[in-house]
Each structure stands twice: as structure tokens, then as C-alpha cells.
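One structure is given below, encoded as C-alpha cells.
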Amino acid sequence: MESITLLQDKKILLGVTGSIACYKAVDLASKLTQAGAQVDVIMTEAAQRFVTPLAFRSVTGRPVFGNMWDLDDHVRHVGLGETADLLLIAPATANTLAKLAQGAADNLLTVTALAARCPLLIAPAMDGGMYSHPATQANLSLLQARGAIVAGPAAGRMASGLMGKGRMVEPAELLAHIRLTLARNGPLAGLKVVVSTGPTREPMDPVRFISNRSTGKQGLAVAQAALDAGAAVTLVAGPISELTPFGAQVIAVETTQQMAEAVLTAVQDADALFMVAAVADFRPGNTSDRKIKKTETNDWGLAIGLEVTLDILSAVKEQREKSGYPRVSLGFAAETHDAFEYGRQKLLRKGLNLIAVNDVLAEGAGFAVDTNRVVLLSSAGVLEEMPLLSKTAVAERLVHHVAKALGR
Ligand code: CTP
């Protein structure tokens with residue numbers, strides 16, 4: 001797993017309680033450690049009946065805490081809670097939820113939870129009947145009212161063999177919850193960011209279209225980086241097959257016209273726009289609402305007769321001149337030659353604060369690869385000439401510059 005800047009050196013206290021989902025918590029601890037976090041695990045006695053402390057120690061490379069009375073340090077519970085960036089309890093049983101709701105402190109985990117001042121994220125895991133019991137629901141509501149974040153539980157097959165709601169959410173989804181929670185005080189906290197990504201598609205008939213090679217990777221990376229910086233993100237996505245980041249509000253579009261409408265609406269109250277999409281510049285001038293038959297001779301023979309599509313950024317520019325939104329606008333320039341000069345002209349023509357110019361023919365840059373090489377320009381000239389970087393790293397650099405432009 002690629003290390004995640006947001007998680008790098010973050011101190012995560014993972015409380016594990018007695019549920020069969022403990023085995024998933026080992027995977028989660030491993031994922032967090034690989035992503036760069038420092039994971040300290042506290043296990044209840046019941047948890048230790050499902051998996052051993054050694055399993056966690058093996059993936060985190062750190063001591064695992066269990067019995068409160070075995071500790072060499074008499075204020076360990078305060079120490080662990082005080083230095084943590086996040087207390088995550090996964091899996092959290094109905095019993096532990098009840099104790100947390102009441103402020104009971106009868107084992108190292110519940111004592112630590114009382115002493116901790118960091119955000120609390122809880123992933124419940126229990127049988128469906130226990131989860132839906134009014135007592136458990138009341139305990140969860142109380143914890144949420146006090147600021148705890150509850151992830152799941154998910155519906156599916158339970159240990160009892162029955163189907164129901166009570167399964168702990170999967171480690172990958174928990175990781176996404178952790179990212180969102182840790183991002184809350186980031187440089188873009190409280191701000192709205194709109195990101196466009198992917199290609200657009202222009203239909204000829206119900207089965208054919210013209211489009212381009214964009215896969216949406218760079219825009220998705222920008223959306224994730226903006227989420228990691230604490231922004232509320234609206235992602236306007238053309239047809240892509242990659243997963244969209246957890247926490248983004250996704251608006252799926254197909255044509256340039258649909259993307260234009262979605263972007264123009266979303267930026268009305270946005271602090272920043274990252275226009276990363278590879279918008280189709282042309283669309284068929286002749287279209288048919290029925291499949292065009294190979295043998296069919298129609299009015300226009302085989303000529304597609306291209307038309308130029310709407311330039312979305314120019315429309316944003318016009319709207320922005322009246323409304324002032326988005327406050328900051330960043331575009332991309334995909335070039336195959338004279339990249340710098342074309343980029344500079346596009347920045348001015350499209351009314352952008354910043355433009356990320358990339359030579360799509362350069363090695364390691366462009367469509368469908370995980371890396372990119374970008375030069376960032378402002379109206380004052382070159383702001384940063386980036387080396388070949390992962391699209392994730394490029395996205396983080398761009399978000400950093402936009403945060404600066406927003407005075408963060
Ligand atoms: N863009 C847009 N609307 C379009 C085409 C492009 O908003 N119809 C945006 C892209 O999302 C990008 C920027 O404009 O942020 C530059 O896109 P690019 O394809 O490099 O430039 P074009 O304007 O299409 O110009 P050209 O094809 O002549 O290079």
C-alpha cells in the first residue's frame with residue numbers, strides 16, 4: 001500500500017473488543033501501519049480470546065496493551081489517550097458501547113477512552129438483534145451526541161448464520177472513515193471544493209460515441225487530496241471505471257453539456273474549482289436517435305461533421321465575473337508541443353488563477369498511468385516545476401497551492 005501523507009506518523013489508538021470481527025481488526029492495523037501511522041493496540045480480555053496480542057504486535061511492530069494491572073507505567077491510560085490523534089474502537093461490542101455511553105472505566109480501554117481528548121471513531125460489531133435493541137441504539141445516540149463518529153455496522157451474513165445489520169464495516173472502508181476524521185482540521189476545513197474528472201462522451205447514435213483516453217486518475221487523486229485537507233468535495237465525473245473517493249459527493253455525467261451544467265451549479269458557492277476533466281472538444285454534428293446501420297445511406301453519408309463543444313471554463317469565467325465564485329480556479333492544459341506557451345495563453349483566456357500544464361506525450365505523464373509531470377503556472381509565471389511524481393503527490397502539491405491562494 002502506498003503511504004498516505006495524512007496518516008504519516010499519526011498516532012492511532014486502536015481499541016479491540018470481543019467479537020469475531022477481531023480478525024478484521026488485524027488487517028486494519030496492518031493497513032494503517034503500511035500507510036505510515038503508528039498504531040498502538042489495546043485489547044480487552046474478551047478480544048484476546050478471539051485473536052492473540054501477538055497477531056497485532058506482528059503487524060504493528062509495537063507493544064500491545066491488555067491488562068490494566070500489568071502496566072509498568074501507572075499513568076499509561078492517560079499517556080496513551082493524551083498523545084493519540086485518534087481513538088478507534090473496532091470492533092466495538094454492545095457491552096463496550098454501553099460502558100462508553102455510561103462513562104464506566106473497568107478495563108484499560110474504557111479507562112483510556114475516558115481520559116482521551118482526541119476524536120473517537122467507533123465501528124460496532126454484534127448480532128443484528130443486539131444492534132437493533134433500544135438499549136444499544138440509545139447508547140449509540142448518546143455517544144454520537146457527544147461527538148463520537150460511528151462507522152457502520154454493515155448488513156450481511158452474521159456469525160449466527162442469520163442475515164442482518166451488525167457486521168463490522170470492512171477495513172478498507174474504515175480506513176476511509178479514519179481519513180475523513182483525521183482531515184477535519186486540515187487546511188481546507190470548512191471550504192467547498194469542486195473537482196471535475198474523466199473524459200466526456202459525445203454520442204453519435206445510441207451505441208456509438210466519441211471520447212478520449214482519460215481514465216480520471218488525476219482528478220480522483222485531486223478529490224482525495226482535497227478531502228484529506230478537510231474540504232467538502234463535489235466530484236463531477238465523466239464515465240470512469242475507477243472507484244470514487246469515500247466522502248466526496250459524486251455527480252456522474254456523460255456529455256460536455258451535462259458536465260457544464262453540473263460544474264456551473266456546483267461552483268456557485270465553491271471556494272475552489274479544479275477543472276481536471278479531459279472534456280471532449282468536439283461532438284458529432286450529425287446524430288441519430290436510432291442505431292445507424294452499416295448499409296444505411298442517409299442524408300449525410302459517412303461524414304460525422306464535428307462541432308466544437310462548449311468551453312466549460314470560459315462559461316465558469318463568465319459566471320465568476322458576476323458572482324465572485326469559485327474564489328480560486330485551477331485548470332489543466334494537456335499539450336503535445338509548446339506546452340508552456342499554450343498553457344500561459346489558456347490561463348489568461350479561461351480566466352484561471354492557476355494552470356497545471358502537462359506534456360501528455362512525455363514519458364510517465366498523461367492518460368492511464370499513475371504518474372504525471374506538471375508545471376504549475378500563475379499569471380505571474382512559473383510557480384512550481386514538479387519532477388515526475390505519482391498523481392497522488394501531484395494532487396497534494398496542487399491542493400497545497402490552492403490552499404495558499406485561498407489564504408490558508
Ligand atoms: N476545458 C473546458 N471545456 C472544454 C475543454 C476543456 O473547460 N470544452 C478545460 C479542461 O478541463 C482543462 C482546460 O480547459 O482544465 C484546458 O483543456 P485543454 O484540453 O488543454 O484545452 P482546450 O481548451 O481544449 O484547447 P486545445 O484543445 O486547443 O488545446
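The values are calculated or read from the model by the stated rules, or taken from the named source; none is laboratory data. Note that the coordinates shown come from a computational prediction; the quantities given were computed from them, not determined experimentally. For neighbour counting, all protein chains shown are included, and Cβ atoms are generated from backbone atoms with ideal geometry for every residue, glycine included. Accessible surface is based on the protein model in full, side chains and every heavy atom, while ligands, DNA and RNA are left aside. Shrake-Rupley method; radii C 1.70, N 1.55, O 1.52, S 1.80 Å.
Given the options ILE20, ILE178, ILE210, state which has the largest fluctuation in a GNM of the chain using a 10 Å cut-off (strictly under) for Cα springs. Result for the chain, Cα springs under 10 Å: ILE210 fluctuates most.
Counting only alpha carbon atoms, the long axis of helix 171-182 and the longest principal axis of the chain meet at about 80°.
Other residues within the sphere of radius under 10 Å centred on the Cβ of TYR325, judged by their own Cβ, net out at +2 (K and R +1, D and E -1).
Which whole-number percent is the relative contact order of segment 188-405 (Cα, under 8 Å, 6+ apart)? Averaging sequence separation for qualifying contacts and normalising by length gives 20 percent for segment 188-405.
Within segment 207-238, report the trypsin sites (Lys or Arg not before Pro) that DSSP leaves as loop and that have at most 13 other Cβ atoms within 10 Å. Listed in order of number, the matching sites are ARG213. In loop segments of segment 115-172 as defined by DSSP, the trypsin sites (Lys or Arg not before Pro) with at most 14 further C-beta atoms inside 10 Å of their C-beta are ARG117, ARG146.
When each of the peptides 373-385, 282-294 is scored by the mean number of other C-beta atoms lying within 10 Å of its residues, the order from highest to lowest reads 373-385, 282-294.
Full extension of the segment from GLU307 to ARG57, taken as 0.36 nm per residue of separation minus the current Cα-Cα distance, would add 83.8 nm. Here the gap between GLN34 and ALA135, fully extended at 0.36 nm per residue and compared with their Cα-Cα distance, gives a gain of 32.6 nm. Taking a threshold of 28 Å on the Cα-Cα distance, which of the pairs LYS291/LYS317; LYS11/LYS391; LYS217/LYS291; LYS31/LYS404; LYS322/LYS346; LYS10/LYS165 fall above it? Beyond 28 Å between Cα atoms: LYS291/LYS317; LYS217/LYS291; LYS31/LYS404; LYS10/LYS165. From the alpha carbon centroid of segment 101-156 to that of segment 339-408 is 44 Å.
Could you quote the convex hull projected area for segment 11-183, Cα atoms only and averaged over all directions, in nm²?
Spelled out: convex hull of the Cα atoms, projected over all directions, averaged, 9.0 nm².
Of the GluC sites (Glu not before Pro) found in segment 1-106, those that fall in a DSSP loop while having at most 16 other beta-carbon atoms within 10 Å are GLU2, GLU45. An ellipsoid equivalent to the chain, defined through the eigenvalues of its Cα gyration tensor, has semi-axes of 48, 25, 19 Å when rounded to whole angstrom and sorted largest first. Beta bridges per DSSP, both residues in segment 11-183: antiparallel share near 20 percent. Over the chain, Cα pairs under 8 Å with separation of 6+ residues give a relative contact order of 11 percent. Taking amide hydrogens as placed 1.01 Å from N in the peptide plane, the amide H of GLY366 sits under 5 Å from those of ARG373, each at least 5 positions away in sequence or on another chain. Report note on the peptides 128-140, 232-244, 195-207: ranked by the mean count of other C-beta atoms within 10 Å, highest first, their order is 195-207, 232-244, 128-140. Distance distribution P(r), segment 188-405, all Cα-Cα pairs, bin width 5 angstrom from 0: 1, 7, 15, 19, 20, 16, 9, 6, 4, 2, 1, 0 percent.
To put it simply, the accessible area of segment 1-156 at a 1.4 Å probe is 53 percent carbon and sulfur.
For segment 188-405, the solvent-accessible area with a 1.4 angstrom probe is 48 square angstrom per residue.
Other residues within the sphere of radius under 13 Å centred on the Cβ of LEU347, judged by their own Cβ, net out at +3 (K and R +1, D and E -1). Estimated from the Cβ-Cβ distance and a Förster radius of 51 angstrom, the FRET efficiency linking VAL369 and ALA155 is about 0.85.
In the full protein context, segment 11-183 carries 44 Å² of accessible surface per residue, based on a 1.4 Å probe and ignoring ligands, DNA and RNA.
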